[in-house]
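Structure first, commentary second.
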Amino acid sequence: MSEYRLEMRGVCKSFPGVKALDHAQLCLHPGKVHALMGENGAGKSTLMKCMFGIYSMDEGEIIYEGQKVTIKDPLEALKMGIAMVHQELQPIPARTIGENIFLGRYPMKKFLGFIPVVDHEKMYADTAELLKKVRMDFDPKQMLGELSVSQMQSVEIAKAVSANCKVLILDEPTSSLTSNEVEALFRIIEDLKADGVAIVYISHKMDEILRISDEVTIMRDGQYIGTWDCAGLTTDFIISKMVGRELTNLYPERHNVPGDVVFEVENFTSINPKSFRNVNFQLRKGEILGVGGLVGAQRTELMEGLFGIRSHTTGTIKYQGKELTISRPKDAIDQGVAMLTEDRRATGILGVLSIADNISVASLKKYLDFGVMINDKKVEELVQENVKKMNIKTPSSKTQIQSLSGGNQQKVLIGRWLANNPDVLILDEPTRGIDVGAKYEIYCIIEELARAGKSIIMISSEMAELIGMSDRIMVMCDGRVTGFIDGKDATQENIMELATQFEKV
Amino acid sequence: MKTQTSIPQKIWAVIKGNPIVIMLAVLSLVVGCTIDKFFSLDNLNNLMCNTTVRFLIALGVSGCLITKGTDLSAGRQAALAATLTGVMVQRADYASRMFSWMPEMNMWVVLLIVLALGAIIGTITGVIVSYLNVPPFIATLGIQTIVYGINLIYTNAQPIGGFTDSFKAFFNWKFLPIGDFKGFNGYILFALLFGLLFWFMYNKTTHGKYIYAIGGNENAAEVSGVNVRSRKTLIYMTAGVMYAFAGFLMTGKSGGASASMGVSYELEAIAGCTIGGVSTTGGIGTVGGILIGVLVFELLKIILQFVGADPNFNYIVQGLVVITAVAMDIRKYVAKK
């Protein structure tokens, strides 16, 4: 037997256009908490999904209790004793706690000696037992939907425990918990450690990592950087290892000159108490304002709030001193604000429609003859102009947008917004899932727009991109703006520091 | 490199893309060659008259379908419009006139009243769907039974007849008489008129583009500044108007009206749209396709009638055709993944 409960070595995984994992590795001791760290997109979740059988590896091996294994799907992983509590929980709210825990493997009994039926008594008795184990005393027959997020998480952990797991993956388990709930979670983790479970703990919160974990593995750009014993590690050391990438000239030279303040946001607060609150910032004409932060910092939510996709309770938005009233995207568009949303598939492309339809949908009123009839020639001109300006690669303007590559889809969507000639352009992760060449082209477009006097807000989770493209960087953490850094002074370290300033409760 | 497609390959592609249409074309050729009078102008007129009513309803429901909704109240709404039309165009001296206090009305005024009522019912449906967030399937199911109830109550479930001469004359007007053939019924021109109107709306107006955008991706459409709720309400309102117009024609065409008319017309219309390529996953559909889809159904009925099949077989055959068509439509998307 090797000293490890589970080893992953030389793991490679590619998605179209991206190498997500490049010889990553991870070795877990039984009875220890192993923190897995890295920036957004470093490949932590991908690696875990490979371990849990959600993704298949292109290369590499998994050695479990000294045996080389292949894990085809999550069911197999569970049978082997590997369990995962996902970042986004996927419970069935309208069923009981017991049914959620035993979903798919209900205890059975024979009714009248031959008809197999679910043994509810045993199920709920077992559930009560399990809940005791994770220090929760709920009624097993309570509907899951009546629990808070943290309580649901405990149920998820109970589910993992019920599978007699030997390896437990916790993916950002504390991102939606209060400090009391975090303490409760840590107690459960200590119990599991004592039982000899190997725990993978993914989190961005340094103080938690340093407190709870025994070992740390750091990843960067899908590669394995190293593993250290936690004792004696400092936050600074971990950050430097996480971000220590060399910056090459991946960004265009910027010639835009920020002018007067044109766009002001004051005391902007979400209706959701866990989301953005008391946000204040200003934006200058011709400025590129980067917005940095970790996953869950509520950057997207803030921008969607400004654009009218989400609701806010208090706060004002002003453009050139005039207050804007925005309660839905249409209002924002009519008042000169545009937003390229984060999730191209969910809120961007109209998949089955043509390039022409996609590019013109937000500005159709500009191409009308006699006030009613769309002039197809004008739309075609718009398409051709954008195809030329942004180098969009498409067979024709009638091609369905879903058949284009991510980069070209993104250019079409940028074209959709530029057609309205907005004053303020919000770009949420404009280069996500786009290959390097197209990224550079999109950076050039952004720079050109700023030079033409547009005010640009760019959310990005890539540190290098933030530093390379922004005149100023606004950093958020947990719904609050924690600081501004001038583009020239920005370093990955000082951004990361602001991004991890969690409120002490 | 361009791939060369030979003419046989192209033909094969067309056949593969429209198997049901091809099958029907072959079938009608066979029937036409074996049975007398199948290929006659009378039969053609008959086909077109039947198609007209269904086509108008299908146009109405197509907007709902393209935006991933549906409308199960179409047939009952048309029936309500039909009885209303009937009541208002009854002769003043007709013995069993339903509302004897009513003045004899000009049929065009009647049409306007009926259309306005259709618009109101459609708007109510639209509001329920888009502002109360009731799934279209449920909302329109509710409207369907409510409308049917209203129709039964106020007509006492009695048939309505005794229409004014001008109303009857309008529906008996024919054009293009050739030899023995007395000409085509004038009202089939409404199919042409509304077909063109809908084509214009779907292809040339912002409203049409927004309908496809909502069907393509509702969230993205909203983010792009489309007021999805009011657009959807407008779609259901338009649909209501179309059903009302169809109801008006139903009364004129059959010379009588009753609350039991129009049963399951919505299902025929939805089926016709689907066969005509209106995608059940939203965002796709053309007026030409809808017309073909509806024609396929009516042709199928006439063929069954000509080969002397029990009319009740219609239902079985139609059901099979719909399931086959939708299964193939879905398969197109499954294959792409």
Ranked highest first by average number of other Cβ atoms within 10 Å, how do B:54-60, A:259-265 line up?
B:54-60, A:259-265
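Taking N as the number of residues in the protein assembly as shown, what value does Rg over Cα atoms divided by 2.2 N^0.38 Å take?
Working: Rg = 32.8 Å, N = 842, 2.2 N^0.38 = 28.4 Å.
That works out to 1.15 for the protein assembly as shown.
Sort the following peptides by mean Cβ neighbour count (other Cβ atoms within 10 Å, averaged over residues), highest first: A:127-138, B:253-264, A:286-297, A:456-467. Write out the running numbers ahead of the final one.
Numbers: A:127-138: 17.1, B:253-264: 19.0, A:286-297: 24.2, A:456-467: 22.6.
Output ranking for A:127-138, B:253-264, A:286-297, A:456-467: A:286-297, A:456-467, B:253-264, A:127-138.
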Please work out the ratio of the alpha-carbon Rg of the stretch A:390-505 to 2.2 N^0.38 Å and round it to two decimals.
1.21
How large is the helix-only mean residue ellipticity at 222 nm for the protein assembly as shown, computed as the sum of -39500 (n - 2.57) over DSSP H runs with n ≥ 4, divided by its residue count, in deg cm²/dmol to the nearest 500?
-15000 deg cm²/dmol
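Which of the peptides B:113-125, A:385-397 is most tightly packed, and how do the rest follow, judged by the mean count of other Cβ atoms within 10 Å per residue?
Details: B:113-125: 20.3, A:385-397: 16.2.
Going from most to least packed, we get B:113-125, A:385-397.
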At q = 0.20 Å⁻¹, what base-10 log of I(q)/I(0) does the Debye formula yield for the stretch A:1-154 when every alpha carbon is treated as an equal point scatterer in vacuo?
-1.22
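Between B:N227 and A:H255, how high is the FRET efficiency from 1/(1 + (r/R0)^6) when r is the Cβ-Cβ distance and R₀ = 60 Å? Nearest 0.05. Intermediate values should be presented prior to the final figure.
Details: r = 39 Å, r/R0 = 0.65.
For B:N227 and A:H255, the calculated efficiency is 0.95.
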The residues A:E380, A:E172, sorted from fewest to most surrounding Cβ atoms within 10 Å, come out as A:E380, A:E172
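Work out the mean other chain Cβ neighbour count within 10 Å for the residues of A:344-350 and drop it here as an integer. Don't jump to the answer; show the numbers that get you there.
Values: counts 1, 3, 4, 8, 5, 3, 13.
Whole-number average of other-chain Cβ neighbours for A:344-350 is 5.
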In this structure, the FRET efficiency calculated for B:I150 and A:S179 from their beta-carbon separation, with R0 = 60 Å, to the nearest 0.05, is 0.50
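Mind running the shape call on the stretch B:13-130? Use the C-alpha gyration tensor, a ≥ b ≥ c as the square roots of the eigenvalues: rounded below 1.5 for a/c, prolate if a/b tops b/c, oblate otherwise.
Working: a/c = 3.99, a/b = 1.45, b/c = 2.74.
In terms of gyration-tensor shape, oblate.
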Whole-number D in µm²/s for the stretch B:47-260 (Stokes-Einstein; Kirkwood sum over Cα pairs; 25 °C, 0.890 mPa s):
136 µm²/s
Residues other than A:G479 with Cβ under 14 Å of its Cβ, Lys/Arg counted +1 and Asp/Glu -1, net out at +1
Using the count of nearby Cβ atoms within 10 Å as a rough guide to exposure, how do A:R277, A:R95, A:R5, B:R229 rank from fewest to most?
A:R95, B:R229, A:R277, A:R5
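Over all residues in A:354-367, what is the mean tally of Cβ atoms on other chains that come within 10 Å of each residue's Cβ? Provide the component values of the computation, followed by the final result.
Details: counts 2, 0, 1, 5, 5, 0, 4, 13, 7, 2, 10, 2, 0, 2.
Across A:354-367, the average partner-chain Cβ count within 10 Å equals 4.
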Within 10 Å of each Cβ in A:19-30, how many Cβ atoms from other chains are there, averaged over the peptide?
0
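Label the stretch B:106-158 by shape, choosing from rounded, prolate and oblate, from the square roots a ≥ b ≥ c of the eigenvalues of the Cα gyration tensor; if a/c is under 1.5 it is rounded, and otherwise prolate applies when a/b is larger than b/c, oblate when it is not. Numbers along the way, then the final one.
Details: a/c = 4.11, a/b = 1.45, b/c = 2.83.
In terms of gyration-tensor shape, oblate.
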In nanometres, the difference between 0.36 nm per residue of separation and the alpha-carbon distance of A:E385 and A:N272 is 36.5 nm
Which of A:D343, A:D423, A:D73 has the fewest other C-beta atoms within 10 Å, and how do the rest follow up to the most?
A:D73, A:D343, A:D423
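Give me the Kirkwood hydrodynamic radius of the stretch B:202-310, using the inverse of the mean 1/r over all pairs of distinct Cα atoms, in Å to one decimal.
Numbers: mean 1/r = 0.0621 Å⁻¹.
The Cα-based Kirkwood calculation yields 16.1 Å.
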So, relative contact order of the stretch A:338-388 in percent, Cα under 8 Å, 6 or more apart, is 26 percent
Quick one: which residues, 5+ away or cross-chain, put their amide H under 5 Å from the amide H of B:R91? H built at 1.01 Å from N.
B:F163, B:T164
Through the Karplus equation 6.51 cos²θ - 1.76 cosθ + 1.60, θ set to phi - 60°, convert the phi angles of the stretch B:256-265 into ³J(HN,Hα) values in whole Hz; use x for Gly and Pro.
x, 8, 7, 5, 8, 6, x, 4, 6, 4
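The numbers here are math on the coordinates, done by the rules we state, and not lab data. In this text, all values refer to a predicted model and were calculated from it rather than measured experimentally. Methodologically, a virtual Cβ is constructed for each residue, glycine included, from the backbone with ideal geometry; neighbour enumeration extends over all protein chains shown.
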